[in-house]
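Below: the structure, in structure tokens.
Every read-out reported here was derived from the displayed coordinates using simple, explicitly stated rules and does not represent laboratory data. The shown structure was predicted, so the numbers you read here are calculated from the model rather than taken from an experiment. No Cβ is skipped: glycine too gets one built from the backbone with ideal geometry, and neighbour counts run over all protein chains shown.
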Amino acid sequence: MAYALLISTEDVKKFTIANGNLDADDFIEYIKVSQDITIQNYLGSKLYEKLQTLILSGDINAVEYSDYKSLLSLYIKPMLIHWAMVYYLPFAAYTLSNKGLFKHTSENAQNVDKVEVDFLVEKERDIAESYTQRFIDYMCFNQTTFPEYYLNSNEDVNPDTNNFYGGWQI
């Protein structure tokens with residue numbers, strides 16, 4: 001089965017701290033992982049599959065699917081970019097090859113420690129959750145525009161509509 005990534009590695013380089021020299025092969029798996037685990041969880045199976053189909057067929061650019069294209073560019077892409085960073089950052093310093101597991105070092109730079117990496121991951125998570133909440137709010141008010149959002153059944157993933165900022169309620 002063909003699979004479409006909802007963002008490109010260039011999107012990640014442009015909208016995060018990722019360096020323009022970041023090798024796409026080192027990062028692309030984390031885009032797929034964040035799509036499969038997090039993004040599908042918030043879109044639900046049917047809407048996720050609809051977007052995959054529209055992208056793979058090229059129909060995402062058709063006028064009749066402009067709402068889906070807007071949803072993708074204004075809401076899904078920003079949250080996916082930052083969720084991908086949440087998944088990538090803990091592994092960024094490592095490479096696994098046939099000779100073993102290696103940690104990257106540089107002559108003119110200093111590696112960060114785990115506390116600093118955890119701090120960056122949490123900052124990316126905060127950003128990702130903020131964009132995700134915007135997506136959830138948008139979908140609550142525009143659910144009729146995207147009927148696939150509530151058409152999930154049986155083994156399908158139902159969209160998670162939890163509010164990140166719930167706090168205490170009495």
FRET efficiency for residue 122 and residue 158, using Cβ-Cβ distance with R0 set to 25 Å, rounded to 0.05: 0.35
For residue 10 and residue 144, FRET efficiency with R0 = 41 Å and r from the beta-carbon atoms, rounded to 0.05? 0.75
Mean shadow area of region 1-80, taken as a quarter of the surface of its Cα convex hull (nm²): 5.5
q = 0.11, 0.15, 0.18, 0.20 Å⁻¹: log10 I(q)/I(0) that the Debye formula gives for the chain, counting C-alpha atoms only: -0.53, -0.90, -1.19, -1.38
Rank 48, 149, 65 by mean-square fluctuation in a GNM of the chain with C-alpha springs under 10 angstrom and give only the top-ranked residue. 65
Within region 128-148, what residues put their amide N at less than 13 Å from the label point 7 Å along the Cα-to-Cβ vector of residue 53? 147-148
Along region 64-75, Karplus-curve 3J(HN,Hα) (6.51, -1.76, 1.60; θ = phi - 60°) to the nearest Hz, with x for Gly and Pro, reads 5, 10, 4, 5, 5, 5, 5, 4, 5, 6, 8, 10
Anything over 24 Å Cα to Cα? Flag those among 46/123; 32/123; 13/123; 69/123; 77/123; 13/99, in the order listed. 46/123; 69/123; 13/99
Tell me, what is the FRET efficiency for residue 61 and residue 103 to the nearest 0.05, using R0 = 41 angstrom and their Cβ-Cβ distance as r? 0.45
Cβ charges +1 (Lys, Arg) and -1 (Asp, Glu), total dipole of the chain, debye: 120
Just in region 25-76: which GluC sites (Glu not before Pro) are loop by DSSP and have at most 10 other Cβ atoms within 10 Å? none
